[in-house]
Amino acid sequence: MRLTAYRKAHFNAAHRLYRPDWSDEKNEKIFGKCNNPHFHGHNYDMEIGVSGEVDPETGYLIDLKILKDIIKSEVEDALDHKNLNEEVPEFKELIPTAEHIAFVIYNKIKAKLDPKYDLEVKLYETPRNFVLYKGE
Ligand code: NI
């Protein structure tokens, strides 16, 4: 029996979407409000999904405490109340869009998770705008 277990999590962070190789006008046109040179915050919500076979002996797919601890150390401790552009090494060269943040979160969790599981990261930048990354 195969299924997906989810854990919800949350962090607050500031960012600016900006390409230094573009003019101010082009940055403003493409990135809009998220180009604000003074940075701005989002309340990011996540749904982290782990898929695999349920262990017939325990009835568990994964002990969700394990997933909780990975999310805490790899995502919350690394990103919560941070300026993503200036304080998080992964975004030195990567624009911190929701797409790229989901990608970074996926890679950080994947590195700590038993490889027998498939992982998916759903990241909400606003209650209505979200992305899903499954490592493809
Ligand atoms: Ni923004």
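Any idea how far apart Asn43 and Arg128 come out in nm if each label point goes 7 Å out from Cα toward Cβ?
That separation, rounded to one decimal, is 1.6 nm.
With the crude spin-label approximation of a point 7 Å out along Cα→Cβ, what separation in nm comes out for Glu76 versus Glu25?
Distance between the two pseudo-spin positions: 4.7 nm.
For the chain, report the convex hull volume of the alpha-carbon atoms normalised per residue, in Å³, without decimals.
Expressed per residue, the convex hull around the Cα atoms of the chain is 110 Å³.
Under a 10 Å cutoff between Cα atoms, tell me which one of Glu47, Glu86, Glu74 has the largest fluctuation in the Gaussian network model of the chain.
The residue with the greatest mean-square fluctuation here is Glu86.
If the elastic network links every pair of Cα atoms under 10 Å, which of Tyr60, Tyr106, Tyr124 fluctuates the most in the Gaussian network model of the chain?
Of Tyr60, Tyr106, Tyr124, the most mobile in the Gaussian network model is Tyr60.
Rounded to whole Å, give me the distance from the Cα center of the range 61-83 to that of the range 101-131.
Result: 11 Å between the Cα centres.
Hey, if you put +1 on the Cβ of every Lys and Arg and -1 on every Asp and Glu Cβ in the chain, which of Ile109, Asn35, Ile62 ends up farthest toward the positive end of that dipole?
After comparing all options, I get Asn35.
Between Glu76, Glu125, Glu28, which gets the highest mean-square fluctuation from a Gaussian network model of the chain, Cα cutoff 10 Å?
Maximum among the listed residues: Glu28.
If r is the Cβ-Cβ distance from Thr97 to Arg2 and R0 is 25 Å, what FRET efficiency results, to the nearest 0.05?
0.20
Considering only protein heavy atoms, what per residue accessible area in square angstrom results for the range 1-129 with a 1.4 angstrom probe?
Averaged over the residues of the range 1-129, the accessible area is 60 Å².
Can you give the helix-only mean residue ellipticity at 222 nm for the chain, where every DSSP H stretch with n ≥ 4 adds -39500 (n - 2.57) and the sum goes over all residues, rounded to the nearest 500 deg cm²/dmol?
-7000 deg cm²/dmol
Kindly state, as a whole number, the per residue volume in cubic angstrom of the convex hull around the alpha carbon atoms of the range 6-59.
For the range 6-59, the hull spanned by Cα atoms encloses 113 Å³ per residue.
Accessible area of the chain with a 1.4 Å probe: how many percent of it is carbon plus sulfur?
Roughly 51 percent, rounded to a whole number.
The values are calculated or read from the model by the stated rules, or taken from the named source; none is laboratory data. Keep in mind it's a predicted model, so treat the numbers as computed, not measured. Cβ: placed from backbone, ideal geometry, glycine included. Neighbour counts: every protein chain shown. Areas reflect the complete protein model, heavy atoms only, side chains present, ligands, DNA and RNA absent. Shrake-Rupley method; radii C 1.70, N 1.55, O 1.52, S 1.80 Å.
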